[in-house]
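The block underneath contains the structure these notes are about, expressed in structure tokens.
All of the numbers you see were taken from the coordinates with simple rules; none came from a lab. Since this is a predicted model, take the numbers as computed values, not measurements. As a convention, Cβ positions derive from the backbone with ideal geometry for all residues, glycine included, and neighbour counts pool all protein chains shown.
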Amino acid sequence: MSDTFQWKGRSGNHYNYQVFPINQRFDQGILGNYIFARRDVVGWWAIYIGEGDIDQRTQDATHRNCAIQKGATHIHAHINSNELRRKEEEKDLLDGNDVAYSPMGCNKKAGG
């Protein structure tokens, strides 16, 4: 059983994620939210926040390579089959964890 971590969005909502090593593979076709993250003495830091097919998205070279170059050591993930809820959660987490945006992280802000 993997560890868990609770991420907080800007709204104040908390989201429970399972913590996996960076090289974790997931079953294909499992939809959910995921975060490439690193840990230091302060705690966990989001480097890239996304949603979709968890295995496909966490193995995508562009996102994965950027996250690893910026220090990602783990993948946080949870299953969420509802597309609207996945996208809302992704936005809430990005709004509450702006370090995931470039240049510190790998997410890109819309329009810039």
**Asked** For the stretch 86-111, what are the residues that are of a type in the set (A, V, I, L, M, F, W, C) and not in a loop (DSSP other than H, G, I, E, B)?
**Response** Leu93, Leu94, Val99, Ala100
**Enumeration of residues in the stretch 1-33 that are loosely packed, with under 13 Cβ neighbours inside 10 Å and under 14 Å from Asp95 (Cα atoms)** = Gly12, His14
**Message:** Being in contact with a helix residue (DSSP H, G or I) (Cβ under 8 Å, 6 or more places away or on another chain), of a type in the set (A, V, I, L, M, F, W, C) and surrounded by fewer than 23 Cβ atoms within 10 Å (Cβ to Cβ) is the filter here; which residues of the stretch 42-54 pass it?
**Reply:** Trp45
**Asked** Just checking, which of Arg57, Arg38 is under 17 Å from Ala100 (Cβ atoms) and surrounded by fewer than 19 Cβ atoms within 10 Å (Cβ to Cβ)?
**Response** Arg38
**Message:** Suppose the filter is among the hydrophobic types (A, V, I, L, M, F, W, C) and out of contact with any helix residue (DSSP H, G or I) (no Cβ under 8 Å at 6 or more places or on another chain); does Phe26 pass it?
**Reply:** no
**Prompt:** Which residues, taken from the stretch 1-60, are under 15 Å from Ile75 (Cβ atoms) and among the β-branched types (Val, Ile, Thr)?
**Reply:** Thr4, Val19, Ile22, Ile30, Ile35, Ile47, Ile49, Ile54, Thr58
